[in-house]
Amino acid sequence: MKTLNLDLGERSYPIHIGQGLLSGDAGLLTRQIRGRSGVIVSNETIAPFYLEPLQRLTAGLKTSTLILPDGESWKTLETADRIFTHLLEQHADRRTTLIALGGGVIGDITGFAAACFQRGIDFIQVPTTLLAMVDSSVGGKTGVNHALGKNMIGAFHQPRCVLIDTDTLQTLADRELSAGLAEVIKYGLIRDRGFLDWLDAHMDALLARDPQALTHAILRSCEHKAEVVAADEFETGQRAMLNLGHTFGHAIEAAMGYGNWLHGEAVATGTVMAAELSGLMGWLAPDEVGFVRHLLARAHLPVTPPTEMTAADFSRYMAVDKKVLDGTLRLILLTGLGQGTVTSEFDPVALQRVLTRTL
Ligand code: NAD
Ligand code: GLY
């Protein structure tokens, strides 16, 4: 097992990464629980695999379980309200800990409920998708979707710890594994050229779920995430770079109906669009734009936007992006492979060329 520390002063927390952690030392989890009660939140797909082992780990606590329906379309205020109702029915108090067992949807919504219930209770992340392991479980962004925009309602609320049992990836669908790889590739593109080369060399091993390759990819990604979040917890600066491809991607997710394009798939296509715009700006060479497209395609990810989406569709959704400041859209672009930048200094004509596919 490897343990990283996300350094946030008194709100610092460990990220444990390893095989078999769900059937290992219960103390890793229970040491982080300040009261005597917990509520495990999971969904109907994940619970049959991993609820029992987690219940064994938390056997020393008074725990109840809430099983939610599966899917991005359930990441709503109404579902958060189901968690509040359960907490009230269980007479939860300020020392109750929520434990999120699942992917990014369960993690985001459980964290959001933890941020709101009685103005903030503890929560723990037990991520079970690659995407959640490398991104959503670390860093304290929590929230739900609104019909008019993705992740528009939320709060920053850090977990007490993140427990990553890499064995859980063995039951994940291929398409979901690929979606997680989009976020892994993101770290290489924005800040680590050497990691990009490693990913290029190990893509087949990752797709074959080689435990060593997966552990390395998760560890490296979490190191990057922890460094960025420690430096800019509330996204006043460089944390925005973690949103490479997300402005285009969120537009795709919202326009196509939440859940039809997976978040990681939309981010992959959005990343290619960001690379194309960077290419039109002269910041990336044509072969570098080609490399971005090629690496994502090798991870079995979509690299072209849905044909049914018009430039106007993109513009409508991009206008409500959280990176719009004082009415000005900021995008994450690449000034080289391994070098991201947050900027509003892009040519709007070039952006239109990307959106209208007149490259
Ligand atoms: P998800 O939570 O919907 O999980 C994907 C699917 O895999 C679901 O059907 C789930 O039930 C199933 N599943 C999960 N673990 C499994 C396992 N081990 N075996 C078998 N099936 C399993 O999707 P996701 O990709 O994990 O997360 C996407 C969400 O994360 C989006 O809502 C996105 O906005 C959010 N997100 C948040 C952050 C953040 O910083 N908070 C960052 C990135 C993404
Ligand atoms: N997933 C982007 C962030 O955590 O900032």
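The values are calculated or read from the model by the stated rules, or taken from the named source; none is laboratory data. Just so it is clear, the model here is predicted, and its values are computed rather than measured. Every residue, glycine among them, receives a Cβ derived from its backbone with ideal geometry; neighbour counts consider all protein chains shown. Protein only, heavy atoms only, side chains kept; ligands, DNA and RNA dropped before computing areas. Shrake-Rupley method; radii C 1.70, N 1.55, O 1.52, S 1.80 Å.
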Conditions: (1) touching a residue at least 60 places away in the same chain (Cβ under 8 Å); (2) crowded, with 22+ Cβ neighbours inside 10 Å; (3) within 21 Å of GLY71 (Cβ to Cβ); (4) under 14 Å from the mean Cα position of the chain (by Cα). THR168 meets all but one. Number of the miss? (4)
Pairs returned, first residue in segment 64-77 that is farther than 21 Å from MET256 by Cβ, second residue that is at pLDDT 95 or above and of a type in the set (Lys, Arg), beta-carbon separation under 7 angstrom, 6 or more apart or interchain, are LEU68/ARG82
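So if I check each of GLY188, GLY139, GLY149, GLY143, which one is in contact with a strand residue (DSSP E or B) (Cβ under 7 Å, 6 or more places away or on another chain), of a type outside the set (A, V, I, L, M) and within 28 Å of MET256 (Cβ to Cβ)?
Working: GLY188 fails: in contact with a strand residue (DSSP E or B) (Cβ under 7 Å, 6 or more places away or on another chain); GLY139 fails: in contact with a strand residue (DSSP E or B) (Cβ under 7 Å, 6 or more places away or on another chain); GLY149 fails: in contact with a strand residue (DSSP E or B) (Cβ under 7 Å, 6 or more places away or on another chain).
Criteria check complete, one pass: GLY143.
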Scan segment 205-220 and report the pairs whose first residue is free of Cβ contacts under 8 Å to residues at least 40 places away in the same chain and whose second residue is open to solvent by less than 10 Å² (accessible area, probe 1.4 Å) and not β-branched (Val, Ile, Thr), with Cβ atoms within less than 8 Å and a gap of 6+ or a chain change. ALA205/ALA213; ALA213/LEU206; ARG220/TYR187; ARG220/PHE195
Can you go through ARG11, ARG95, ARG34 and tell me which one is in contact (Cβ under 8 Å) with a residue 60 or more places away in the chain, surrounded by fewer than 17 Cβ atoms within 10 Å (Cβ to Cβ) and within 16 Å of ligand 2 (Cβ to nearest atom)? ARG11
List every residue pair whose Cβ atoms lie under 8 Å apart, where the two residues are 6 or more positions apart in sequence or sit on different chains, the first residue falls within segment 331-359 and is part of a loop (DSSP other than H, G, I, E, B), and the second residue, located anywhere, is basic (Lys, Arg) and open to solvent by 20 Å² or more (accessible area, probe 1.4 Å). LEU337/ARG193; GLY338/ARG191; GLY338/ARG193; SER344/ARG330; LEU359/ARG353
Please specify each residue of segment 161-205 satisfying the condition of being within 10 Å of ligand 1 (Cβ to nearest atom) and under 17 Å from THR335 (Cα atoms). LYS186
